[in-house]
Amino acid sequence: MSSGIQPTDLGFFSVLAGAGSLSAAARELGITTPAVSKHLALMESRVGVSLVNRTTRRMSLTPEGEVYLEHARRILGEIDDMEELIGVAKATPKGLLRVNATLGFGRSHVAPLISRFVRKYPDVEVQLQLSVNPPPLTEDAFDVCIRFGAPPDARVIARHIAPNRRLLCAAPAYLARRGTPKTPNDLTRHNCIGIRQGEEAYGLWRLSSGRGRNASTEAVKTRGNLTTNDGEIAVNWALDGHGILMRAEWDIERHLRNGRLVQVLPQYFTPDADIHAVYPQRHQLAARVRAFVDFVALSFNQQAAGGKG
């Protein structure tokens with residue numbers, strides 16, 4: 001009997017893990033449930049560890065099974081890349097696409113876009129993971145990351161998707177109660193809603209005035225009694241009149257339009273937060289990556305032209 005991991009095991013295990021049970025995997029693979037059980041048992045015998053915890057109705061992966069699945073899907077994705085590079089796949093988008101985005105933006109903008117994308121490209125399997133902080137660019141955990149700001153790393157490609165500004169805003173009721181700031185230093189006397197995200201200095205807001213050689217920037221250390229790592233929660237607190245918030249225009253534009261939020265210190269500029277699709281250079285020729293990035297760019301451009309809300 002051959003030992004170790006067989007190439008056919010990779011696709012089989014990926015289907016099995018996605019199906020969630022032996023019987024569901026059998027239906028998807030077009031074989032019997034006993035045949036699935038036998039294949040799994042042979043795999044576990046060859047590698048010498050248990051990959052799946054079996055119950056009467058459901059199954060779950062062991063820690064070793066999780067590692068096996070992670071590497072199996074990565075290898076299958078690299079096989080898809082190779083087929084595309086040598087022309088076997090005829091540049092048809094297919095295979096596994098791993099996408100990362102931030103919590104609030106991913107939930108409100110990226111997830112609905114992926115729903116439309118897989119309807120257009122049903123042969124692409126998308127895994128979306130939302131995280132507070134963007135993953136390290138050196139890790140091979142994702143094929144495409146949607147993030148704010150271009151990364152300072154030449155090993156990845158950062159395609160500009162859409163412009164995006166960070167704006168200061170507050171509810172009219174808060175400003176009526178506490179007054180409207182006239183200068184950046186006035187913010188030190190206000191309740192400012194804090195967001196702990198990324199590696200940016202927490203509570204330090206930089207505001208610039210002027211352009212070119214006449215530009216100057218002030219760094220204001222803000223304080224407040226509300227802090228979160230979720231942007232959507234912070235926006236809701238601002239809507240409830242708790243204080244002043246710095247947030248990306250894409251997240252608050254609809255509230256500015258309907259008057260529930262009012263821009264504060266509009267004559268000052270805050271750091272840009274343009275939206276980029278970031279992916280490793282080796283993925284730039286993969287059809288599924290190209291198709292997804294193009295789809296994202298077109299969708300955001302159309303949304304911006306028609307209003308971000």
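The values are calculated or read from the model by the stated rules, or taken from the named source; none is laboratory data. Predicted model, so just to flag it, every value in this text is computed and none were measured. Methodologically, a virtual Cβ is constructed for each residue, glycine included, from the backbone with ideal geometry; neighbour enumeration extends over all protein chains shown. Calculation scope for accessible area: heavy atoms of the full protein, side chains included, ligands and nucleic acids excluded. Shrake-Rupley method; radii C 1.70, N 1.55, O 1.52, S 1.80 Å.
General observations
- Within the range 7-24, the set of residues being open to solvent by less than 50 Å² (accessible area, probe 1.4 Å) and within 18 Å of residue 70 (Cβ to Cβ) comprises 9, 10, 11, 12, 13, 14, 15, 16, 17, 19, 20.
- Any hit, the range 225-238, residues being at pLDDT below 90, in a helix (DSSP H, G or I) and under 23 Å from the mean Cα position of the chain (by Cα): yes
- Within the range 239-296, considering residues that are among the small types (Gly, Ala, Ser) and assigned to a loop (DSSP other than H, G, I, E, B), the one nearest to residue 142 (Cα to Cα): 286
- Annotation note: of 258, 225, the sole residue that is polar (S, T, N, Q) and without any contact (Cβ under 8 Å) to a residue 12 or more places away in the chain is 258.
- Pairs are defined by a Cβ separation below 7 Å, a sequence spacing of at least 6 or placement on different chains, a first member in the range 68-91 that is under 18 Å from residue 142 (Cβ atoms) and surrounded by fewer than 18 Cβ atoms within 10 Å (Cβ to Cβ), and a second member that is at pLDDT 65 or above and of a type in the set (Lys, Arg); no pair meets this definition.
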